[in-house]
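Single-structure report; data block below.
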Amino acid sequence: MINNLLIDDMIKLSQLFGLIITVSVSFQNSVLATSISEPLISTNRSTLTEIQNEVYPSVRRITPFVNTWIVIAVLVSTSTVTSVLVLFVMSIQKFKHIQQNIQGMKQDTISHLNQSLSEAQAVVNDLQYSIQVSQDNIHKISSQTLLSSQTEQDHTETQIK
């Protein structure tokens with residue numbers, strides 16, 4: 001999603017600078033075309049010469065400035081796009097490294113949990129065994145107590161008789 005948005009923004013940025021270059025070239029061509037088409041419209045040769053003498057030096061003076069601005073715009077856009085791409089690649093590498101760390105932590109945590117579960121299961125098994133032995137002992141003791149009490153009762157009954 002972010003990759004597509006970044007690529008779309010870069011395409012729009014390059015289209016914008018392409019438009020800037022096209023407009024500046026069109027401006028230069030329109031100034032030259034205007035200066036060339038004026039002689040066709042104008043019938044006065046001296047006026048044509050005066051216009052050409054005024055326009056050509058102006059165009060020659062303006063052209064380096066326009067070209068300089070175009071070069072600056074292209075350099076700024078290129079450096080911006082390059083820096084964004086470098087930052088994007090660096091962030092992807094960091095995310096991959098972080099993802100690997102998280103996977104490692106996840107595996108460690110799972111192994112620790114499994115170990116703790118096995119230890120807990122061993123404790124539960126020991127407790128269940130102890131409870132079973134205790135219940136068996138209680139049952140034996142209660143059986144012996146009942147037998148001894150019955151034996152005493154029988155013995156006292158026989159003495160009473």
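Things to note:
- Scanning region 83-125 for residues being open to solvent by 100 Å² or more (accessible area, probe 1.4 Å) and over 43 Å from the mean Cα position of the chain (by Cα) gives a total of 0.
- Residue 133 open to solvent by less than 60 Å² (accessible area, probe 1.4 Å) and in contact (Cβ under 8 Å) with a residue 12 or more places away in the chain: no
- Whichever residue in region 32-61 is open to solvent by 80 Å² or more (accessible area, probe 1.4 Å), within 27 Å of residue 21 (Cα to Cα) and at pLDDT 70 or above and, among such residues, is farthest from the chain's Cα centre (by Cα): 53
The values are calculated or read from the model by the stated rules, or taken from the named source; none is laboratory data. Since the structure is predicted, the reported quantities are computational estimates derived from the model, not experimental observations. Quick reminder, even Gly has a Cβ in these numbers, built from the backbone with ideal geometry, and neighbours come from all protein chains shown. Accessible surface is based on the protein model in full, side chains and every heavy atom, while ligands, DNA and RNA are left aside. Shrake-Rupley method; radii C 1.70, N 1.55, O 1.52, S 1.80 Å.
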